[in-house]
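J.: The structure's right below; bear with me while I get my questions together.
The values are calculated or read from the model by the stated rules, or taken from the named source; none is laboratory data. None of these values were measured; they are calculated from a predicted model. Note that we place each Cβ from the backbone using ideal geometry, even for glycine, and neighbour counts take in every protein chain shown. Accessible surface areas use protein heavy atoms only, side chains included; no ligands, DNA or RNA. Shrake-Rupley method; radii C 1.70, N 1.55, O 1.52, S 1.80 Å.
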Amino acid sequence: MDKLTKQNALNAHTWVGIFLSVLLFLVCLSGTIAVFHLEFERWEQPHIEEMENVSPAVIEKAMDTFLTQNTEASHHLYVVFPTSDIPRLVVENDHAAYFADSEGNLLEKESVSFTQMLVDLHLYLNLPHSWGMILVSALGAIICTLVITGVIAHKRIAKDAFKLRRGGNGQQAQIDLHNRFGLWAAPFHLIIGVTGAYFGLAGIILVVVASLNYGGDRDAVIDQIFTPDPVLEPQEGKPAIGKAFSQMESLAPEKSPIFLTVHKVGEPEQFIEIYAKAPNRMIYAEGYRFDTEGNFIGVAGYEFGEWGKQLVWAMYRLHFGDFAGLTSKWLYFVLGVMLTMLCVSGMEIWLSKKAHPPLASRLWYSTVWGSVSALALTAVVDMFYAGSLIAVFWCLMLVNTAATVGIKSLTKPVWLLISGVSVLVLLAAYAAVHQHATFTVASLQLNIPMAVYVIWSLYRATTLLKHASKVKVKVKGGVDKQSEYNPSQAGA
(Lines give C-alpha, C1' and ligand atoms only; values in the text may rest on other atoms or scores of the structure.)
Protein backbone atom coordinates (compact mmCIF):
# COMPACT_ATOMS: atom_id res chain seq x y z
CA MET A 1 0.00 0.00 0.00
CA ASP A 2 1.44 3.41 -1.00
CA LYS A 3 2.64 5.99 1.54
CA LEU A 4 -0.08 8.51 0.69
CA THR A 5 -2.84 6.01 1.49
CA LYS A 6 -1.16 5.12 4.79
CA GLN A 7 -0.72 8.79 5.70
CA ASN A 8 -4.35 9.59 4.89
CA ALA A 9 -5.46 6.62 6.99
CA LEU A 10 -3.26 7.81 9.87
CA ASN A 11 -4.67 11.33 9.67
CA ALA A 12 -8.24 10.03 9.67
CA HIS A 13 -7.44 7.68 12.55
CA THR A 14 -5.89 10.49 14.60
CA TRP A 15 -8.49 13.20 14.16
CA VAL A 16 -11.54 10.98 14.45
CA GLY A 17 -10.10 9.54 17.68
CA ILE A 18 -9.24 12.96 19.10
CA PHE A 19 -12.58 14.66 18.45
CA LEU A 20 -14.63 11.74 19.80
CA SER A 21 -12.23 10.55 22.50
CA VAL A 22 -14.40 11.41 25.52
CA LEU A 23 -17.56 9.80 24.11
CA LEU A 24 -15.67 6.72 22.92
CA PHE A 25 -13.99 6.34 26.30
CA LEU A 26 -17.25 6.57 28.27
CA VAL A 27 -18.99 4.05 26.00
CA CYS A 28 -16.04 1.64 26.14
CA LEU A 29 -15.55 1.97 29.91
CA SER A 30 -19.24 1.52 30.74
CA GLY A 31 -19.49 -1.36 28.26
CA THR A 32 -16.50 -3.12 29.78
CA ILE A 33 -18.07 -2.89 33.25
CA ALA A 34 -21.56 -3.69 31.93
CA VAL A 35 -20.32 -7.08 30.73
CA PHE A 36 -21.13 -8.04 34.32
CA HIS A 37 -24.53 -6.30 34.44
CA LEU A 38 -26.26 -9.48 35.61
CA GLU A 39 -23.67 -9.89 38.34
CA PHE A 40 -24.23 -6.26 39.35
CA GLU A 41 -27.95 -6.94 39.69
CA ARG A 42 -27.14 -9.69 42.21
CA TRP A 43 -24.55 -7.44 43.88
CA GLU A 44 -27.10 -4.69 44.51
CA GLN A 45 -29.28 -7.05 46.60
CA PRO A 46 -26.86 -9.71 47.88
CA HIS A 47 -29.13 -11.00 50.66
CA ILE A 48 -31.78 -12.43 48.31
CA GLU A 49 -32.15 -16.22 48.47
CA GLU A 50 -30.55 -18.01 45.54
CA MET A 51 -31.38 -21.46 44.19
CA GLU A 52 -30.49 -23.79 41.33
CA ASN A 53 -33.98 -24.77 40.20
CA VAL A 54 -37.64 -24.32 41.05
CA SER A 55 -40.81 -26.40 40.77
CA PRO A 56 -43.92 -25.52 38.71
CA ALA A 57 -45.97 -25.31 41.92
CA VAL A 58 -43.61 -22.72 43.40
CA ILE A 59 -43.82 -20.63 40.21
CA GLU A 60 -47.63 -20.74 40.31
CA LYS A 61 -47.71 -19.73 43.98
CA ALA A 62 -45.28 -16.84 43.48
CA MET A 63 -47.22 -15.47 40.51
CA ASP A 64 -50.60 -15.85 42.23
CA THR A 65 -49.32 -13.94 45.27
CA PHE A 66 -47.80 -11.28 43.02
CA LEU A 67 -51.06 -10.78 41.09
CA THR A 68 -53.01 -10.50 44.35
CA GLN A 69 -50.74 -7.68 45.51
CA ASN A 70 -50.31 -5.98 42.11
CA THR A 71 -53.73 -5.52 40.55
CA GLU A 72 -52.95 -2.81 38.00
CA ALA A 73 -53.55 -3.71 34.35
CA SER A 74 -50.52 -5.03 32.44
CA HIS A 75 -50.01 -6.34 28.93
CA HIS A 76 -47.34 -8.82 30.05
CA LEU A 77 -46.42 -11.07 32.93
CA TYR A 78 -42.91 -12.41 33.41
CA VAL A 79 -41.17 -15.11 35.42
CA VAL A 80 -37.35 -15.14 35.51
CA PHE A 81 -36.15 -18.64 36.40
CA PRO A 82 -33.14 -19.44 38.62
CA THR A 83 -31.82 -21.53 35.71
CA SER A 84 -30.98 -18.24 33.98
CA ASP A 85 -27.70 -16.40 34.59
CA ILE A 86 -29.22 -14.99 37.81
CA PRO A 87 -29.93 -17.89 40.23
CA ARG A 88 -33.05 -16.23 41.64
CA LEU A 89 -36.80 -16.48 41.09
CA VAL A 90 -38.42 -13.23 39.96
CA VAL A 91 -42.07 -12.55 39.11
CA GLU A 92 -43.07 -9.30 37.46
CA ASN A 93 -45.36 -7.38 35.15
CA ASP A 94 -44.88 -4.18 33.16
CA HIS A 95 -44.80 -2.10 36.35
CA ALA A 96 -43.01 -3.97 39.15
CA ALA A 97 -40.81 -6.99 39.88
CA TYR A 98 -40.48 -9.03 43.08
CA PHE A 99 -38.13 -11.77 44.23
CA ALA A 100 -39.58 -15.01 45.58
CA ASP A 101 -38.01 -17.69 47.77
CA SER A 102 -37.76 -21.42 47.09
CA GLU A 103 -41.27 -21.91 48.51
CA GLY A 104 -42.93 -19.27 46.34
CA ASN A 105 -43.23 -16.56 49.01
CA LEU A 106 -42.57 -13.00 47.82
CA LEU A 107 -39.48 -11.42 49.38
CA GLU A 108 -38.92 -7.83 48.31
CA LYS A 109 -39.13 -5.57 45.29
CA GLU A 110 -36.31 -5.78 42.78
CA SER A 111 -34.13 -2.65 42.95
CA VAL A 112 -31.25 -2.40 40.49
CA SER A 113 -30.98 1.36 39.99
CA PHE A 114 -27.18 1.48 39.67
CA THR A 115 -27.09 -1.35 37.13
CA GLN A 116 -29.80 0.35 35.09
CA MET A 117 -27.86 3.63 35.14
CA LEU A 118 -24.66 1.84 34.08
CA VAL A 119 -26.33 0.00 31.19
CA ASP A 120 -28.14 3.19 30.18
CA LEU A 121 -24.79 4.99 30.09
CA HIS A 122 -23.40 2.35 27.74
CA LEU A 123 -26.43 2.07 25.46
CA TYR A 124 -27.53 5.71 25.35
CA LEU A 125 -24.87 7.82 27.11
CA ASN A 126 -27.75 8.65 29.51
CA LEU A 127 -29.41 10.65 26.74
CA PRO A 128 -33.06 10.27 25.61
CA HIS A 129 -33.24 6.76 24.20
CA SER A 130 -34.60 7.70 20.78
CA TRP A 131 -31.47 9.50 19.69
CA GLY A 132 -29.03 8.38 22.37
CA MET A 133 -29.08 4.92 20.81
CA ILE A 134 -28.36 6.40 17.37
CA LEU A 135 -25.38 8.35 18.74
CA VAL A 136 -23.90 5.33 20.51
CA SER A 137 -24.46 3.15 17.45
CA ALA A 138 -22.67 5.76 15.34
CA LEU A 139 -19.78 5.47 17.78
CA GLY A 140 -19.83 1.72 17.12
CA ALA A 141 -19.33 2.48 13.44
CA ILE A 142 -16.55 4.92 14.39
CA ILE A 143 -14.79 2.11 16.31
CA CYS A 144 -14.84 0.02 13.13
CA THR A 145 -13.40 3.00 11.22
CA LEU A 146 -10.62 3.46 13.78
CA VAL A 147 -9.71 -0.24 13.66
CA ILE A 148 -9.55 -0.31 9.86
CA THR A 149 -7.65 2.98 9.49
CA GLY A 150 -5.30 1.95 12.28
CA VAL A 151 -4.42 -1.29 10.51
CA ILE A 152 -3.99 0.48 7.17
CA ALA A 153 -1.79 3.16 8.71
CA HIS A 154 0.48 0.62 10.41
CA LYS A 155 3.71 0.49 8.44
CA ARG A 156 5.15 -2.84 9.61
CA ILE A 157 2.39 -5.01 11.05
CA ALA A 158 4.22 -8.35 10.93
CA LYS A 159 7.60 -7.00 12.04
CA ASP A 160 6.21 -4.94 14.93
CA ALA A 161 3.60 -7.45 16.10
CA PHE A 162 5.44 -8.15 19.37
CA LYS A 163 7.62 -5.06 19.71
CA LEU A 164 7.44 -3.12 22.97
CA ARG A 165 10.26 -0.62 23.37
CA ARG A 166 11.09 0.69 26.83
CA GLY A 167 13.14 3.59 28.11
CA GLY A 168 13.32 7.21 27.04
CA ASN A 169 10.41 9.38 28.07
CA GLY A 170 7.95 6.50 27.74
CA GLN A 171 6.25 7.84 24.61
CA GLN A 172 7.57 5.12 22.32
CA ALA A 173 6.51 2.38 24.72
CA GLN A 174 3.04 3.88 24.84
CA ILE A 175 2.84 4.00 21.05
CA ASP A 176 3.94 0.35 20.85
CA LEU A 177 1.38 -0.67 23.47
CA HIS A 178 -1.35 1.22 21.63
CA ASN A 179 -0.44 -0.53 18.38
CA ARG A 180 -0.26 -3.97 20.03
CA PHE A 181 -3.65 -3.63 21.71
CA GLY A 182 -5.16 -2.37 18.48
CA LEU A 183 -3.66 -5.18 16.38
CA TRP A 184 -4.07 -8.20 18.67
CA ALA A 185 -7.67 -7.47 19.57
CA ALA A 186 -8.78 -6.07 16.20
CA PRO A 187 -11.29 -8.90 15.50
CA PHE A 188 -12.93 -8.32 18.89
CA HIS A 189 -13.04 -4.57 18.37
CA LEU A 190 -14.74 -5.06 15.00
CA ILE A 191 -17.33 -7.40 16.54
CA ILE A 192 -18.09 -4.84 19.26
CA GLY A 193 -18.26 -2.04 16.69
CA VAL A 194 -20.52 -3.90 14.27
CA THR A 195 -22.90 -5.25 16.92
CA GLY A 196 -22.96 -1.89 18.68
CA ALA A 197 -23.79 -0.12 15.43
CA TYR A 198 -26.56 -2.62 14.73
CA PHE A 199 -28.59 -1.83 17.86
CA GLY A 200 -29.14 1.80 16.86
CA LEU A 201 -29.27 1.33 13.10
CA ALA A 202 -31.73 -1.59 13.17
CA GLY A 203 -34.62 0.76 12.42
CA ILE A 204 -32.82 2.21 9.40
CA ILE A 205 -31.89 -1.28 8.20
CA LEU A 206 -35.53 -2.31 8.60
CA VAL A 207 -36.71 0.55 6.36
CA VAL A 208 -34.07 -0.19 3.71
CA VAL A 209 -34.78 -3.93 3.58
CA ALA A 210 -38.53 -3.31 3.49
CA SER A 211 -38.14 -0.85 0.62
CA LEU A 212 -35.86 -3.09 -1.41
CA ASN A 213 -37.51 -6.48 -0.93
CA TYR A 214 -41.00 -6.11 0.55
CA GLY A 215 -42.52 -3.11 -1.17
CA GLY A 216 -42.09 -0.97 1.93
CA ASP A 217 -43.96 -3.41 4.20
CA ARG A 218 -42.03 -3.20 7.51
CA ASP A 219 -44.29 -5.71 9.24
CA ALA A 220 -43.33 -8.32 6.66
CA VAL A 221 -39.65 -7.83 7.51
CA ILE A 222 -40.37 -7.99 11.25
CA ASP A 223 -42.27 -11.25 10.75
CA GLN A 224 -39.21 -12.72 9.04
CA ILE A 225 -37.00 -11.91 12.02
CA PHE A 226 -39.43 -12.17 14.94
CA THR A 227 -41.85 -15.03 14.52
CA PRO A 228 -45.45 -13.71 14.41
CA ASP A 229 -47.74 -14.42 17.35
CA PRO A 230 -49.66 -17.70 17.03
CA VAL A 231 -53.22 -17.59 15.72
CA LEU A 232 -55.42 -19.17 18.42
CA GLU A 233 -59.01 -19.54 19.36
CA PRO A 234 -60.08 -16.86 21.90
CA GLN A 235 -58.35 -17.55 25.22
CA GLU A 236 -59.85 -16.95 28.66
CA GLY A 237 -58.85 -17.50 32.26
CA LYS A 238 -55.65 -17.47 34.26
CA PRO A 239 -52.57 -18.59 32.28
CA ALA A 240 -51.36 -22.02 33.41
CA ILE A 241 -47.70 -21.06 33.68
CA GLY A 242 -46.87 -23.95 36.02
CA LYS A 243 -48.25 -26.52 33.58
CA ALA A 244 -46.35 -24.90 30.70
CA PHE A 245 -43.08 -24.88 32.66
CA SER A 246 -43.47 -28.52 33.72
CA GLN A 247 -43.40 -29.61 30.07
CA MET A 248 -39.99 -28.09 29.35
CA GLU A 249 -38.15 -31.07 30.82
CA SER A 250 -39.66 -33.33 28.16
CA LEU A 251 -39.84 -30.78 25.31
CA ALA A 252 -36.28 -29.51 25.64
CA PRO A 253 -34.35 -31.45 28.30
CA GLU A 254 -31.02 -30.15 26.98
CA LYS A 255 -32.01 -26.47 27.24
CA SER A 256 -32.04 -24.11 30.25
CA PRO A 257 -35.24 -22.04 30.57
CA ILE A 258 -34.33 -18.38 31.04
CA PHE A 259 -37.68 -16.68 31.53
CA LEU A 260 -41.37 -16.94 30.77
CA THR A 261 -43.62 -14.30 29.26
CA VAL A 262 -47.39 -14.18 29.16
CA HIS A 263 -48.24 -12.05 26.13
CA LYS A 264 -51.41 -9.92 25.83
CA VAL A 265 -52.62 -10.63 29.34
CA GLY A 266 -56.42 -10.78 29.64
CA GLU A 267 -56.97 -10.49 25.90
CA PRO A 268 -58.43 -13.22 23.62
CA GLU A 269 -54.96 -13.59 21.95
CA GLN A 270 -53.23 -14.35 25.26
CA PHE A 271 -50.50 -16.99 25.11
CA ILE A 272 -47.45 -18.17 27.10
CA GLU A 273 -43.89 -18.25 25.77
CA ILE A 274 -40.90 -19.78 27.55
CA TYR A 275 -37.44 -18.74 26.34
CA ALA A 276 -34.75 -21.38 26.73
CA LYS A 277 -31.01 -21.07 26.10
CA ALA A 278 -29.87 -23.49 23.41
CA PRO A 279 -26.53 -25.22 24.13
CA ASN A 280 -23.76 -24.67 21.59
CA ARG A 281 -25.82 -22.00 19.81
CA MET A 282 -25.12 -18.27 19.78
CA ILE A 283 -28.78 -17.21 19.57
CA TYR A 284 -30.22 -15.59 22.68
CA ALA A 285 -32.91 -18.23 23.15
CA GLU A 286 -35.50 -20.44 21.48
CA GLY A 287 -39.14 -19.67 22.24
CA TYR A 288 -41.57 -22.44 23.31
CA ARG A 289 -45.21 -21.39 23.00
CA PHE A 290 -48.27 -22.55 24.93
CA ASP A 291 -51.91 -21.53 25.01
CA THR A 292 -53.61 -20.17 28.12
CA GLU A 293 -54.34 -23.68 29.41
CA GLY A 294 -50.67 -24.61 29.12
CA ASN A 295 -50.99 -26.78 26.01
CA PHE A 296 -47.89 -26.78 23.81
CA ILE A 297 -48.37 -24.99 20.47
CA GLY A 298 -44.91 -25.02 18.90
CA VAL A 299 -41.54 -23.25 18.81
CA ALA A 300 -40.75 -19.78 17.51
CA GLY A 301 -38.05 -21.20 15.22
CA TYR A 302 -35.08 -19.04 16.17
CA GLU A 303 -32.68 -21.93 16.76
CA PHE A 304 -32.87 -23.36 13.26
CA GLY A 305 -34.24 -20.38 11.36
CA GLU A 306 -32.63 -18.72 8.37
CA TRP A 307 -29.11 -17.42 8.90
CA GLY A 308 -30.27 -13.80 9.03
CA LYS A 309 -32.74 -14.54 11.82
CA GLN A 310 -30.09 -16.44 13.77
CA LEU A 311 -27.61 -13.60 13.30
CA VAL A 312 -30.03 -10.99 14.63
CA TRP A 313 -30.84 -13.18 17.63
CA ALA A 314 -27.12 -13.60 18.32
CA MET A 315 -26.36 -9.86 18.50
CA TYR A 316 -26.92 -9.56 22.26
CA ARG A 317 -24.64 -12.47 23.21
CA LEU A 318 -21.98 -11.36 20.72
CA HIS A 319 -21.96 -7.82 22.09
CA PHE A 320 -21.95 -8.63 25.81
CA GLY A 321 -19.99 -11.91 25.75
CA ASP A 322 -22.89 -13.79 27.32
CA PHE A 323 -22.41 -17.18 25.65
CA ALA A 324 -19.98 -19.25 27.75
CA GLY A 325 -20.72 -18.23 31.32
CA LEU A 326 -18.10 -16.33 33.32
CA THR A 327 -15.32 -17.57 31.00
CA SER A 328 -16.57 -15.55 28.04
CA LYS A 329 -17.49 -12.61 30.28
CA TRP A 330 -13.99 -12.37 31.72
CA LEU A 331 -12.54 -12.68 28.20
CA TYR A 332 -14.76 -9.82 27.06
CA PHE A 333 -13.80 -7.82 30.15
CA VAL A 334 -10.07 -8.17 29.38
CA LEU A 335 -10.60 -7.33 25.72
CA GLY A 336 -12.85 -4.45 26.76
CA VAL A 337 -10.10 -3.10 29.00
CA MET A 338 -7.78 -3.24 25.98
CA LEU A 339 -10.32 -1.30 23.89
CA THR A 340 -10.76 1.26 26.66
CA MET A 341 -7.00 1.62 27.02
CA LEU A 342 -6.77 2.24 23.28
CA CYS A 343 -8.92 5.33 23.83
CA VAL A 344 -6.73 6.40 26.75
CA SER A 345 -3.33 5.73 25.14
CA GLY A 346 -4.39 7.25 21.82
CA MET A 347 -5.27 10.53 23.50
CA GLU A 348 -2.14 10.47 25.68
CA ILE A 349 0.05 9.94 22.60
CA TRP A 350 -1.54 12.99 20.99
CA LEU A 351 -1.09 15.03 24.18
CA SER A 352 2.57 14.02 24.41
CA LYS A 353 3.15 15.18 20.84
CA LYS A 354 1.66 18.52 21.87
CA ALA A 355 4.09 18.74 24.85
CA HIS A 356 1.33 17.88 27.33
CA PRO A 357 -0.61 21.17 27.53
CA PRO A 358 -1.37 21.38 31.29
CA LEU A 359 -5.10 22.12 31.24
CA ALA A 360 -5.94 19.71 28.39
CA SER A 361 -3.94 16.95 30.09
CA ARG A 362 -5.63 17.50 33.45
CA LEU A 363 -9.07 17.51 31.83
CA TRP A 364 -8.34 14.23 30.09
CA TYR A 365 -7.16 12.55 33.30
CA SER A 366 -10.22 13.85 35.15
CA THR A 367 -12.35 12.21 32.44
CA VAL A 368 -10.51 8.88 32.55
CA TRP A 369 -9.95 8.34 36.26
CA GLY A 370 -12.59 10.81 37.41
CA SER A 371 -15.29 8.77 35.66
CA VAL A 372 -14.23 5.69 37.65
CA SER A 373 -14.52 7.78 40.80
CA ALA A 374 -17.92 9.15 39.70
CA LEU A 375 -19.28 5.65 39.05
CA ALA A 376 -18.08 4.40 42.43
CA LEU A 377 -19.52 7.37 44.32
CA THR A 378 -22.79 7.08 42.37
CA ALA A 379 -23.07 3.49 43.62
CA VAL A 380 -22.48 4.79 47.17
CA VAL A 381 -25.19 7.44 46.79
CA ASP A 382 -27.58 4.76 45.51
CA MET A 383 -27.41 3.01 48.89
CA PHE A 384 -28.87 6.06 50.66
CA TYR A 385 -30.75 8.02 47.99
CA ALA A 386 -33.76 7.11 45.85
CA GLY A 387 -33.46 9.87 43.23
CA SER A 388 -32.03 9.93 39.72
CA LEU A 389 -28.61 8.30 39.56
CA ILE A 390 -28.07 9.72 36.09
CA ALA A 391 -28.21 13.21 37.60
CA VAL A 392 -25.86 12.14 40.41
CA PHE A 393 -23.27 10.70 38.01
CA TRP A 394 -23.19 13.70 35.69
CA CYS A 395 -23.12 16.16 38.59
CA LEU A 396 -20.05 14.33 39.90
CA MET A 397 -18.47 14.50 36.43
CA LEU A 398 -19.20 18.24 36.33
CA VAL A 399 -17.62 18.70 39.76
CA ASN A 400 -14.56 16.76 38.56
CA THR A 401 -14.24 19.05 35.54
CA ALA A 402 -14.61 22.23 37.58
CA ALA A 403 -12.09 21.00 40.16
CA THR A 404 -9.48 20.06 37.58
CA VAL A 405 -9.78 23.47 35.89
CA GLY A 406 -9.31 25.31 39.17
CA ILE A 407 -6.75 23.08 40.91
CA LYS A 408 -3.49 22.67 39.01
CA SER A 409 -2.23 19.91 41.31
CA LEU A 410 -4.91 17.48 40.08
CA THR A 411 -2.57 15.60 37.76
CA LYS A 412 -2.81 12.04 36.51
CA PRO A 413 -1.48 10.29 39.65
CA VAL A 414 -3.77 12.38 41.87
CA TRP A 415 -6.84 11.44 39.82
CA LEU A 416 -5.75 7.81 39.86
CA LEU A 417 -5.44 8.05 43.65
CA ILE A 418 -8.90 9.63 43.86
CA SER A 419 -10.39 6.80 41.81
CA GLY A 420 -8.85 4.16 44.09
CA VAL A 421 -10.03 5.92 47.25
CA SER A 422 -13.53 6.27 45.77
CA VAL A 423 -13.78 2.54 45.09
CA LEU A 424 -12.47 1.90 48.62
CA VAL A 425 -15.23 4.15 49.99
CA LEU A 426 -17.73 2.13 47.94
CA LEU A 427 -16.49 -1.14 49.43
CA ALA A 428 -16.64 0.28 52.96
CA ALA A 429 -20.16 1.66 52.47
CA TYR A 430 -21.27 -1.63 50.91
CA ALA A 431 -19.99 -3.59 53.91
CA ALA A 432 -21.69 -1.20 56.34
CA VAL A 433 -25.04 -1.41 54.54
CA HIS A 434 -25.14 -5.13 53.70
CA GLN A 435 -23.12 -6.45 56.66
CA HIS A 436 -23.01 -10.29 56.64
CA ALA A 437 -24.38 -10.38 53.05
CA THR A 438 -21.07 -8.79 52.00
CA PHE A 439 -19.56 -12.28 52.19
CA THR A 440 -22.03 -13.99 49.85
CA VAL A 441 -21.06 -15.12 46.37
CA ALA A 442 -23.28 -12.38 44.91
CA SER A 443 -21.12 -9.79 46.69
CA LEU A 444 -17.65 -11.30 46.52
CA GLN A 445 -17.66 -11.97 42.79
CA LEU A 446 -17.52 -8.19 42.26
CA ASN A 447 -16.07 -6.93 45.54
CA ILE A 448 -12.88 -8.95 45.16
CA PRO A 449 -12.07 -7.50 41.69
CA MET A 450 -12.87 -4.03 43.03
CA ALA A 451 -10.50 -4.60 45.97
CA VAL A 452 -7.80 -5.62 43.48
CA TYR A 453 -8.41 -2.37 41.59
CA VAL A 454 -8.06 -0.39 44.82
CA ILE A 455 -4.69 -2.02 45.59
CA TRP A 456 -3.42 -1.50 42.03
CA SER A 457 -4.60 2.11 41.73
CA LEU A 458 -3.17 3.17 45.09
CA TYR A 459 0.15 1.48 44.35
CA ARG A 460 0.32 2.94 40.85
CA ALA A 461 -0.63 6.43 42.02
CA THR A 462 2.01 6.32 44.77
CA THR A 463 4.63 5.23 42.24
CA LEU A 464 3.73 8.06 39.86
CA LEU A 465 3.73 10.64 42.67
CA LYS A 466 7.19 9.51 43.79
CA HIS A 467 8.42 9.75 40.21
CA ALA A 468 6.96 13.26 39.88
CA SER A 469 8.65 14.27 43.14
CA LYS A 470 12.03 13.04 41.87
CA VAL A 471 11.59 15.03 38.66
CA LYS A 472 10.87 18.20 40.66
CA VAL A 473 13.95 17.62 42.80
CA LYS A 474 16.11 17.28 39.69
CA VAL A 475 14.63 20.47 38.27
CA LYS A 476 15.37 22.40 41.45
CA GLY A 477 18.90 21.01 41.55
CA GLY A 478 19.56 22.02 37.97
CA VAL A 479 20.17 18.44 36.88
CA ASP A 480 17.21 18.47 34.51
CA LYS A 481 15.90 21.53 32.66
CA GLN A 482 12.40 20.03 32.32
CA SER A 483 9.98 22.46 33.99
CA GLU A 484 6.94 20.23 34.29
CA TYR A 485 6.22 16.65 35.11
CA ASN A 486 5.69 14.72 31.90
CA PRO A 487 3.09 11.98 32.47
CA SER A 488 4.33 9.96 29.51
CA GLN A 489 7.56 9.24 31.38
CA ALA A 490 5.61 6.92 33.65
CA GLY A 491 3.80 5.16 30.81
CA ALA A 492 0.05 4.59 30.58
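J.: Just tell me, in residue order, which DSSP H segments of the chain are both 18 angstrom or longer along the helix axis (alpha-carbon based) and at least -0.5 in mean Kyte-Doolittle hydropathy.
T.: Taking the DSSP H segments of the chain (at least 18 Å long, mean hydropathy at least -0.5), we get 3-19, 21-34, 56-69, 129-153, 186-213, 325-353, 358-382, 389-406, 412-434, 441-477.
J.: Also, quick follow-up: May I ask for the equivalent-ellipsoid semi-axes of the chain, computed as the square root of five times each C-alpha gyration tensor eigenvalue and listed largest first in whole Å?
T.: Numbers: eigenvalues 434, 162, 67 Å².
Over the Cα atoms of the chain, the ellipsoid semi-axes are 47, 28, 18 Å.
J.: Can you run the Rg to Rh ratio on region 90-150? Use alpha carbon positions and the Kirkwood inverse-distance Rh. If you can, show how the numbers build up before the last one.
T.: Details: Rg = 18.1 Å, Rh = 14.4 Å.
Result: Rg/Rh = 1.26.
J.: Calculate, axis by axis, the spread of Cα positions in region 360-460 along the three principal axes, and write the results as whole Å, longest axis first.
T.: Dimensions of region 360-460 along the principal axes of its Cα atoms: 44, 34, 16 Å.
J.: With the crude spin-label approximation of a point 7 Å out along Cα→Cβ, what separation in nm comes out for Leu190 versus Thr463?
T.: The modelled label-to-label distance comes out at 3.4 nm.
J.: Could you work out how far apart the two model spin labels at His75 and Ala202 are, taking each label as a point 7 Å from the Cα in the direction of the beta carbon, and quote it in nm?
T.: Those two pseudo-labels are separated by 1.5 nm.
J.: Return, ordered by residue number, the residues of region 309-345 whose backbone nitrogen is under 15 Å from a label point located 7 Å along Cα→Cβ of Val441.
T.: Answer for region 309-345: 325-327.
J.: Distance in nm between label sites at Leu331 and Lys264, each 7 Å beyond Cα in the beta-carbon direction?
T.: Placing both labels 7 Å along Cα→Cβ, they lie 4.1 nm apart.
J.: Could you give the length gained by full extension between Val22 and Thr401, i.e. 0.36 nm per residue of separation minus their alpha carbon distance, to one decimal place? Working shown, then result.
T.: Values: separation 379, 0.36 × 379 = 136.44 nm, distance 1.26 nm.
Length gained, Val22 through Thr401: 135.2 nm.
J.: Rounded to the nearest whole Å², what accessible area per residue is found for the chain with the 1.4 Å probe? Mind dumping the intermediate values first?
T.: Numbers: 23610 Å² over 492 residues.
Ligands and nucleic acids excluded, the result is 48 Å² per residue.
J.: When the Cα centres of region 417-455 and region 394-416 are compared, how far apart do they sit, in Å?
T.: Cα centroid of region 417-455 versus Cα centroid of region 394-416: 23 Å apart.
J.: Could you rank the peptides 407-419, 279-291 by their average count of other C-beta atoms within 10 Å per residue, with the highest value first?
T.: The densest-packed peptide leads the list: 407-419, 279-291.
J.: Here's a follow-up. Quick one: what do you get for region 39-91 if you divide its Cα Rg by 2.2 N^0.38 Å? The partial results should precede the final answer.
T.: Numbers: Rg = 12.2 Å, N = 53, 2.2 N^0.38 = 9.9 Å.
Cα Rg divided by the expected 2.2 N^0.38 Å: 1.23.
J.: Taking a virtual spin label 7 Å from the Cα of Ile297 along the C-beta vector, which residues in region 218-233 bring their backbone nitrogen under 11 Å of it?
T.: Inside the label zone: 228-233.
J.: Right, next: Whole angstrom only: what separates the Cα centroid of region 316-343 from the Cα centroid of region 26-77?
T.: Cα centroid of region 316-343 versus Cα centroid of region 26-77: 23 Å apart.
J.: Shifting gears a bit: In whole percent, how big is the carbon plus sulfur part of the accessible area of the chain, probe 1.4 Å, protein atoms only? Intermediate results must be reported in sequence, preceding the final value.
T.: On the way: 15250 of 23610 Å².
Its accessible area is 65 percent carbon and sulfur atoms.
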